[in-house]
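In what follows, a single structure is set out as structure tokens and then discussed.
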Amino acid sequence: MKYLIMFFLTVGLLSCNAPKNANQNMDSKVNDWVSNLTLEQKVNIVVGNGMNMPGVAPIGQTKDKVEGAAGSTFAVDSLGIPSMILADGPAGLRISPTREGTDQTYYCTAFPIATLLASSWDTELVKEVGKAMGEEVKEYGVDILLAPGMNIHRDPLGGRNFEYYSEDPLLTGKMAAAMVNGVESNGVGTSIKHYAANNQETNRMMVNTFVGERTLREIYLRGFEIAVKEAQPWTVMSSYNKINGTYASQNYDLLTTILRDEWGFEGLVMTDWFAGNDPVAQMKAGNDLIMPGTPEQRAAIIKAVEEGRLDEKVLDDNVRRILKILERTPVNQSYQYSDKPNLEAHAAIARKAAAQGVVLLKNEENVLPIKDQNLNIAAFGNGSYEFIAGGTGSGDVNEAYTVSLVEGLGNAGYEVESYLKNDYEKYIASEKSKQPKKQFFFSLQPPIDEMSLATINIGEKAAETDIAFITIGRNSGEFQDRKTEGDYYLTEAETDMIKTVSAAYHAAGKKVVMLLNIGNVVETASWQNDVDAIVLAWQGGQEAGNALTDVLTGKVNPSGKLPTSFTLKYEDTPSASSFPGKEIPGAEEVKIGPISMGKPSEVKYEEGIFVGYRHYLTNAVEVAYPFGYGLSYTRFSYEKLKLSDKNFDEKLTASITITNTGEVVGREVVQLYLSAPGESLEKPVAELKGFAKTKMLKPGESQTLTFTLTSRDLSSFDEAQSAWVAEKGEYVVKIGASSTDIKASANFSVSEEKVVERVNKVLQPESIL
């Protein structure tokens with residue numbers, strides 16, 4: 001018995017020490033690598049291996065291992081250090097779908113855009129998507145996925161908002177953490193980006209963002225903080241822009257003081273492609289890997305070390321952090337990737353996720369769901385026949401197909417009016433043939449104008465068919481922000497189509513359903529009363545048409561809620577007067593090959609912490625559809641709100657019971673907002689502090705949800721004290737179905753001010769905002 005006990009104790013000790021020993025072995029291997037590297041080899045490792053890109057001469061060691069990948073690191077064959085492969089992007093792996101010398105295809109799954117995933121408010125679903133995405137990364141021979149994107153929806157004209165989750169940092173951070181955990185469960189890495197305050201495309205590589213420290217920490221850094229602490233991503237990508245005068249990739253406060261010292265980040269930091277202007281400053285700041293890498297950057301770092309301007313120990317730290325991540329990669333484990341991920345299974349996941357993120361904005365007289373498969377549907381709008389799976393640029397995916405609305409309806413047994421279908425398909429094919437060839441592979445093609453309905457007798461169509469579907473599409477991407485006219489606001493042709501179709505169908509006593517295949521906010525107030533239902537489909541990836549049909553027919557009960565506010569007009573946006581900033585007088589455009597870096601410019605975040613719903617609620621600005629809003633085919637009651645205590649001490653819980661009081665099964669997104677005293681510091685009227693999604697509730701079924709509030713949840717950043725502070729006074733817990741639809745509230749108090757965490761004063765602006 002004695003020996004048996006000793007055996008189990010030994011096994012237990014070995015088991016407990018296994019992770020520690022593994023880390024020690026990894027550190028030993030990395031230190032051995034570093035000690036044997038020459039200066040030139042060290043510099044090769046911190047500067048990427050170049051990028052094979054149209055218009056830019058390749059500088060890499062070898063031909064791309066994975067064609068279409070964004071870049072790679074330098075290999076040191078003599079020491080057994082392989083090259084890591086890095087590839088985009090946020091909605092799925094982006095690599096070339098075909099390769100010379102083989103008929104095999106290398107398509108990837110186009111998953112729904114980040115904004116749609118955030119509309120699900122379902123972290124487990126997002127983790128599932130991430131797991132599928134990561135499997136494709138691994139099986140196609142890639143080591144690090146350059147995703148997720150985490151920048152805040154500061155302004156609805158932001159060209160890459162579709163790549164990002166929300167206007168709220170808590171929702172952003174939770175979604176990103178789930179995505180990271182899902183992707184990295186495959187043993188591959190992620191790169192959360194773009195760190196930080198990279199909220200526009202106009203002059204994005206040259207813009208100087210002026211932002212106060214409180215605003216930066218509470219709004220633009222908070223999501224990254226959550227993702228780092230809850231998921232510990234392998235890498236962080238620093239952004240293009242300057243922050244208060246210093247490029248993000250050259251900012252020690254941002255990359256070392258905050259990211260590593262305060263948050264405990266353990267991975268490597270890489271630049272965005274061609275970011276910054278001083279590779280030596282990047283090394284000193286803690287930006288370990290410069291991408292995609294140029295010979296000039298290597299030469300500059302070597303010269304700085306030789307002249308004593310860069311301590312080689314700093315370089316060693318940069319190299320060590322890169323090699324610690326490389327040691328974990330599939331390539332270093334000699335993983336034999338298949339080039340054959342399970343695309344069929346992943347398409348099913350994409351379809352499920354796309355349906356869960358659909359937001360039902362309007363449903364008068366329960367027009368939806370449609371049930372009769374014999375309905376004769378008239379599909380209007382180019383978008384009904386040509387769905388947009390996702391945006392352009394690094395957020396694009398080379399997928400095998402994209403299911404349109406009409407195809408999705410057909411797959412479900414619903415046919416659309418054939419003559420109208422034929423007219424649209426001929427028109428779209430003709431107009432696409434006239435489009436100019438892309439000058440750059442990231443370019444956004446101009447949209448096709450809506451087909452004129454002048455030659456179509458809409459009255460006859462209304463008499464012959466049972467219901468009208470109208471689809472409006474929008475696309476955007478890298479290098480340019482959106483415009484108000486013809487983008488945020490609908491075009492004249494689009495508004496004419498809505499009014500003409502709606503008038504004819506309503507005159508015939510029939511309904512009109514509006515479908516929005518968009519990646520960003522559009523104006524709805526001027527036309528929303530013309531239609532009977534509005535369904536926000538976002539950009540749902542390659543299975544978008546099937547997923548939307550699942551919602552329209554009731555196979556899926558919509559449970560999506562808005563992760564960003566829909567304003568009545570653009571001018572109501574708090575950043576409208578300052579977005580996207582102004583160019584410096586006399587500034588000239590800077591280019592790298594075909595890529596424009598933009599012109600030197602500056603933007604001031606004058607709205608401070610009052611971004612999105614924080615502004616609209618605090619200043620009583622009416623919106624078209626508020627943050628957190630979304631309808632269902634059923635109803636839910638909120639009852640029995642209970643706080644664990646009336647006096648706060650370190651933490652407090654709030655529980656509430658949700659009951660399905662309708663006739664069909666469904667899920668509800670439950671949101672907890674907190675109102676603070678706001679006496680020592682100016683505060684928004686309410687801020688999101690927690691959320692949860694119920695299980696699938698049957699009619700009459702209930703579920704009790706519990707939320708936990710910590711001292712940090714109560715705190716705001718006080719610049720005067722350089723600390724996170726929870727002020728004393730009365731707080732109100734508000735739980736509801738949206739930011740404006742509060743169902744229950746309860747009060748608690750904090751007896752005295754609590755300094756939750758003190759930090760170093762950093763990132764001070766050059767001028768007062």
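Odds and ends about this structure:
- Heavy-atom accessible surface of residue 758, to the nearest 10 Å², is about 150 Å², with a 1.4 Å probe and all protein chains retained.
- In sequence order, calculated HN-Hα J values of region 186-203 (Karplus, 6.51, -1.76, 1.60; Hz; x Gly/Pro): 8, x, 10, x, 10, 9, 6, 8, 10, 8, 7, 6, 9, 10, 7, 9, 4, 6
- Extent of region 123-251 along its three principal axes (Cα atoms, max minus min coordinate, largest first): 41, 27, 26 Å.
- Excluding ligands, DNA and RNA, the accessible surface per residue across the chain is 38 Å² with a 1.4 Å probe.
- Ratio Rg/Rh, restricted to region 544-698 and using Cα atoms, in which Rh is the Kirkwood radius: 1.10
- Across the alpha-carbon set of region 505-628, the Rg to Rh ratio works out to 1.09, Rh being the Kirkwood radius.
- Only alpha carbons enter this Debye calculation for region 174-241, each as an equal point scatterer, and the log10 of I(q)/I(0) it gives at q = 0.24, 0.25 Å⁻¹ is -1.02, -1.06.
- Per residue, the convex hull volume that the Cα atoms of region 331-382 enclose (Å³): 204
- In order along region 310-324, phi translates into HN-Hα couplings of 9, 5, 5, 5, 5, 4, 4, 5, 4, 4, 4, 5, 5, 5, 4 Hz, rounded to whole numbers, per the Karplus curve 6.51 cos²θ - 1.76 cosθ + 1.60 with θ = phi - 60° and x for Gly and Pro.
- Amide hydrogen proximity for residue 189: with H placed 1.01 Å from N in the peptide plane, the residues at 5 or more positions away or on another chain lying under 5 Å are 144, 145.
- Of all DSSP-defined beta bridges confined to the chain, some 65% are antiparallel rather than parallel.
- Percent carbon-and-sulfur accessible area, region 154-247, ignoring ligands, DNA and RNA, probe 1.4 Å: 43
- ³J(HN,Hα) computed for each position of region 482-491 - Karplus, 6.51 cos²θ - 1.76 cosθ + 1.60, integer Hz, glycine/proline x: 7, 10, 6, 6, x, 9, 5, 8, 5, 6
- Less than 5 angstrom separates the built amide H of residue 380 from those of 469, 470, 471, all sequence-distant by 5 or more or on a different chain.
- The count of lysine pairs in region 661-769 that are at least 8 places apart or cross chains, and whose C-alpha atoms lie under 16 Å apart, stands at 7.
- Measuring spread by the Cα atoms of the chain yields a radius of gyration and Dmax of 26.7, 94 Å.
- Over region 123-188 - Rg/Rh using Cα atoms and the Kirkwood inverse-distance radius: 1.03
- Of all DSSP beta bridges confined to region 467-533, the antiparallel ones make up roughly 10%.
- Ligands, DNA and RNA aside, residue 152 has an accessible area near 10 Å² when probed at 1.4 Å.
- Where the Cα pairs of region 249-393 fall when distances are cut into 5 Å bins, in %: 2, 7, 10, 12, 11, 9, 9, 9, 7, 7, 7, 5, 3, 2, 1, 0
- Percent carbon-and-sulfur accessible area, region 631-768, ignoring ligands, DNA and RNA, probe 1.4 Å: 45
- Proximal lysines relative to residue 131, as straight alpha-carbon distance under 18 Å, when same-chain residues fewer than 8 apart are discounted: 174, 340, 352
- With both labels modelled 7 Å from their Cα along Cα-to-Cβ, the residue 460 to residue 495 distance reads 3.0 nm.
- Base-10 log of normalised Debye intensity for region 680-757 (one unit scatterer per alpha-carbon) at q = 0.14, 0.16, 0.25, 0.26 Å⁻¹: -0.58, -0.71, -1.33, -1.39
- Taking N as the residue count of region 613-769, its C-alpha radius of gyration divided by 2.2 N^0.38 Å amounts to 1.18.
- Area of residue 506 that stays accessible when all protein chains are in place (1.4 Å probe, Å², to 10): 80
- When you count the other C-beta atoms within 10 angstrom of each residue and take the mean per peptide, 588-594, 554-560, 136-142 line up highest first as 136-142, 554-560, 588-594.
- Convex hull volume per residue for region 143-219, taking Cα atoms only, in Å³: 95
- Amide hydrogen proximity for residue 756: with H placed 1.01 Å from N in the peptide plane, the residues at 5 or more positions away or on another chain lying under 5 Å are 724, 725, 726.
- Kirkwood-Stokes translational diffusion coefficient of region 346-448, alpha-carbon pairs, 37 °C, 0.692 mPa s, µm²/s: 202
- Each eigenvalue of the Cα gyration tensor of region 316-355, multiplied by 5 and square-rooted, gives one semi-axis; in descending order these are 34, 16, 5 Å.
- Alpha-carbon spread of region 38-149, three principal axes, descending order, Å: 49, 35, 27
The values are calculated or read from the model by the stated rules, or taken from the named source; none is laboratory data. Given the structure is predicted, the values throughout are model-derived calculations rather than measurements. Neighbour counts run over all protein chains shown; Cβ positions are idealised from the backbone, glycine included. Surface areas here come from the heavy atoms of the whole protein model, side chains and all, with no ligands, DNA or RNA. Shrake-Rupley method; radii C 1.70, N 1.55, O 1.52, S 1.80 Å.
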